[in-house]
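The values are calculated or read from the model by the stated rules, or taken from the named source; none is laboratory data. All of these numbers come straight from a predicted model, not from anything done at the bench. Backbone-built Cβ (ideal geometry, glycine too); neighbour counts: all protein chains shown.
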Amino acid sequence: MMSNLSLDLVEEILSRVPIISLREARSTCKGWNDLTKNHSFTEKQLCKAAKGFLMIMIYDRVINLTSVNLHGIHNHEDLVDPSSKKIGNFLNQVMINKVFHCDGLLLCGTRDCKLVVWNPYLGQVRWIQPRKKFDISDYYSIGYDKSNNNYKIFRFWIGYVARTDERIVDYHIYNFKSNSWRVIDVTPDSWHIDYYQRGISLKGDTYFLSRGRLEEKKLFLVCFDFTRERFGPRLYLPFDCDVRNDTQTLSSVREEQISVLLMRRDTNVMEVWITDKIEPDAASWKKFMVVKDQPILSRVKNVSVQSGSFFIDEDKKVVVVCVRNGNIAYLIKENGYYKEMVLGESNHLPIMCSYVPSSMQIQKGPVVRACGKEKEREYI
């Protein structure tokens, strides 16, 4: 029996359990649950997870954690042997339509316009109460103040005046420690974030693909700095493109770098770039992959412009692209060799983002259940 085994041996056995199955192991007994949450075990598990690749996907409004296996890429054997499994009973109760990832925490927007922060690894959740009613057209990101590691939520809403077509944007910040929202004045004068851009989390800040107003056709990144609660300067991309006809989308590389995919419509070329250096006020780039005039390009030309529609594996030199029809992802190498990965039947485009588990505790504060009862903290 497991109860007769030494603590070190039990820890070693549990450390071999895939992270997508660890929740079931925890529910077996209280001792295992306590063990898997101590610092030593967590460090081993997170180190193991960092060597693989996990991605969070919303599929038919349910969150799935998917592990992707890229073995066989070099010898044209089966390129991928994916496995997918739902995590957490909590998500069976709530329909999710938005997700944003930062440091192992997921900020989730629900179909009925509620907001919740969730750590899938710890099974910990916290409902966020609005200053004013949340709206289905709200956009969110989560990050932290690097001076004190205090987590915050950045919320903005985009609207238009009916008669003049004037663009209106409201910006708010939620502070986890004070459990309060406040309005911030960060409206830019000469550029804007398009309504379909979700942003990418990196080192506690959020980067958005943005463009100038009026006749300007340049694309660039802007960083929302959660420490200063301000947007940084324009960070220009390493290419010129047709803003209207070409497709550009962002992805993060294990929350360490940013990659950008460019699909050129007129020349049948796909380019993928990755940052050498990225800070709120500076960025430099290197080319990761170029695919020209290959049959696969006709299949991925409809890659979604929303951030989170592709990711890269630097070691394997692979790009994984999800197209708008939503049920297939393509794993592509620079020579045009590709494989299909069937994601499942769905009427909605999956939101893909790389996921690195974290033992980060969600900061204390009122946590409100879906039924409205309040308690200090909730686990699932």
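Please work out which residue is surrounded by the fewest Cβ atoms within 10 Å (Cβ to Cβ), limiting yourself to the stretch 129-150 and to residues that are of a type in the set (D, E, K, R) and more than 13 Å from residue 203 (Cα to Cα).
Going through the qualifying residues, I end up with 133.
Would you mention how many residues in the stretch 160-179 are within 19 Å of residue 141 (Cβ to Cβ) and either modelled with pLDDT under 75 or not in a strand (DSSP E or B) (or both)?
Qualifying residue count for the region: 4.
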- Limited to the stretch 264-318, what total is found for residues that are touching a His at 6+ places or on another chain (Cβ under 9 Å) and of a type in the set (Ser, Thr, Tyr)? 0
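Which members of the stretch 240-275 meet the condition of being among the charged types (D, E, K, R), in a strand (DSSP E or B) and surrounded by fewer than 20 Cβ atoms within 10 Å (Cβ to Cβ)? Steps first, answer last, please.
Restricting attention to the stretch 240-275, the residues satisfying the condition of being among the charged types (D, E, K, R) are 240, 242, 244, 246, 254-256, 264-266, 271.
Now narrow it down to the ones that are in a strand (DSSP E or B): 264, 271.
Within the stretch 240-275, just 264 meets the criteria.
Take the conditions in contact (Cβ under 8 Å) with a residue 40 or more places away in the chain and of a type outside the set (Gly, Ala, Ser) and apply them to residue 168. Does it pass? Please lay out each step first, then the result.
Values: in contact (Cβ under 8 Å) with a residue 40 or more places away in the chain: no; of a type outside the set (Gly, Ala, Ser): yes.
For residue 168, the condition - in contact (Cβ under 8 Å) with a residue 40 or more places away in the chain and of a type outside the set (Gly, Ala, Ser) - is not met.
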- Which condition breaks for residue 294 when tested against (1) on the phi < 0 side of the Ramachandran plot; (2) at pLDDT 90 or above? (2)
- Note on the structure: When the stretch 216-239 is checked residue by residue, the ones that are acidic (Asp, Glu) and either outside any loop (DSSP other than H, G, I, E, B) or not assigned by TED's automatic domain parsing to the domain that holds residue 291 (or both) are 225
